[in-house]
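Working notes for the structure below.
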Amino acid sequence: DLEWSSSTTAIHMFDNTHENPELVWSDESREKLCATVQKMMTFHYKDQLKNIDVDWRLPSDFNVRYSDMAGELVVGGVFIKHFIRQPSWSVRKPREFMSALFETVMEHKSGGETAETVAAALVALLTSQPILAEQVPSLGHLPKLIQFMANNPAGCGRLSLQILVSITSNDSCVKCLANTTDSVKHIMTAMKRGHEAVAVGAEVCHKAFTKNVPSLVAQALQVDLVGYLLSLLEDDFHTPASAKAQVVIALKAMQMDVMSGDRVQAKLANSAVWASYKDQKHDLFLEDTKTAGYLTGPVGAAGYLTAGPANIVPDTPPPLNSSVNEGRRKRLDL
């Protein structure tokens, strides 16, 4: 390991307490290791009394069980829960760590708490180090993730969509997604598995289709993704405003596609709900304002979630020495 390449560094780390994503080391850990080494030394000394030429080798199954690390989930040499708490931590081998996270997520075919935790760590890694997403296509993780989502839409659909959100800002990943068979079909299937999946999937569509990749729009037309997204706009009860904003952006991007944009426009032209949404603005929703969460548009326009102007009314009367009251008193004195 890199830490132990220097004896000075090793001694310094051994003598101190550490708690970070790559090292959890306490007084208890240090005492446990010292006791273990002392025990091994005693055994070897007894062996030497019998045979002075006996060789000492570290057992292949050597392992020290530290109580303060019990129950810790470790992937790729990183303590996952610690990493989630410190996502900006620069791991020593980020590429290997990312691959280990992808593989661990896809080992849990039924989802569950471990899969959720590891997926959260993967999203945190890709969010804090977005440059890593550039390596995802060459490592072959994206087609495997799509297949994983296809085989487990109920248990792992939303989880897979969350991972896709963290990589669809990358051009190479979106192109790889477009070159993956039935990727849009499986994304749409996963979105139909629950309200939370709808919101996450809408963000995937927003990020992916705004990259202007014609083959991805062609896939969308093959599985009638346009019709499905329009149905989300019609559903005021189950589709949150945030998801509608993302859907509008995605559809607007799809209709501008150089290869299939005219076909998308034809579908949108026949939609009554699109006529209500096509001119709306979504910039206020994307900002952190008091009206965040609303889709703004003309007052009373059908299909809009509007927020009225915020009129600030003072909750106390004006001060007695205000200029207005002063003027009134002067007139009364006259």
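The table for this structure:
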item	result
Residues of region 44-61 that turn out to be surrounded by 10 or more Cβ atoms within 10 Å (Cβ to Cβ) and either of a type in the set (A, V, I, L, M, F, W, C) or closer than 28 Å to ARG92 by Cα (or both), as a count	2
Residue among VAL105, VAL64 that alone is open to solvent by less than 40 Å² (accessible area, probe 1.4 Å) and either part of a loop (DSSP other than H, G, I, E, B) or closer than 26 Å to MET13 by Cα (or both)	VAL64
Selection count, region 14-38, where residues are surrounded by fewer than 14 Cβ atoms within 10 Å (Cβ to Cβ) and among the charged types (D, E, K, R)	5
Residue match in region 71-81 (condition: without any contact (Cβ under 8 Å) to a residue 60 or more places away in the chain and loosely packed, with under 14 Cβ neighbours inside 10 Å)	yes
Of all residues making up region 190-211, the number that are modelled with pLDDT under 95, open to solvent by 50 Å² or more (accessible area, probe 1.4 Å) and part of a helix (DSSP H, G or I)	2
Where SER138 falls short, out of the listed (1) hydroxyl-bearing (Ser, Thr, Tyr); (2) within 23 Å of VAL184 (Cβ to Cβ); (3) in contact with a strand residue (DSSP E or B) (Cβ under 8 Å, 6 or more places away or on another chain)	(3)
Selection status of VAL91, touching a residue at least 40 places away in the same chain (Cβ under 8 Å), open to solvent by less than 60 Å² (accessible area, probe 1.4 Å), in a loop (DSSP other than H, G, I, E, B) and not polar (S, T, N, Q)	yes
Which numbered condition VAL258 fails, given (1) in a helix (DSSP H, G or I); (2) surrounded by fewer than 22 Cβ atoms within 10 Å (Cβ to Cβ); (3) in contact (Cβ under 8 Å) with a residue 24 or more places away in the chain	(1)
Failed criterion for MET41 (all others in (1) modelled with pLDDT of 80 or more; (2) within 24 Å of VAL75 (Cα to Cα); (3) open to solvent by 90 Å² or more (accessible area, probe 1.4 Å) hold)	(2)
Any chance ARG30 is charged (D, E, K, R) and assigned to a loop (DSSP other than H, G, I, E, B)	no
Test: residue in region 159-177 that is touching a residue at least 40 places away in the same chain (Cβ under 8 Å), out of contact with any strand residue (DSSP E or B) (no Cβ under 9 Å at 6 or more places or on another chain) and not in a helix (DSSP H, G or I)	yes
Qualifying positions in region 214-246 - polar (S, T, N, Q), surrounded by fewer than 21 Cβ atoms within 10 Å (Cβ to Cβ) and at pLDDT 95 or above	SER215, GLN222, SER231
Counted residues, region 119-158 - those being more than 25 Å from PRO21 (Cβ to Cβ), touching a helix residue (DSSP H, G or I) at 6+ places or on another chain (Cβ under 9 Å) and outside any helix (DSSP H, G or I)	1
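The values are calculated or read from the model by the stated rules, or taken from the named source; none is laboratory data. Every value quoted in this text rests on a predicted model; they were computed, and no experiment measured them. Reconstructed Cβ throughout: ideal geometry from the backbone, glycine too, with neighbour counts over all protein chains shown. The area values use the complete protein model at the heavy-atom level, side chains included, leaving out ligands, DNA and RNA. Shrake-Rupley method; radii C 1.70, N 1.55, O 1.52, S 1.80 Å.
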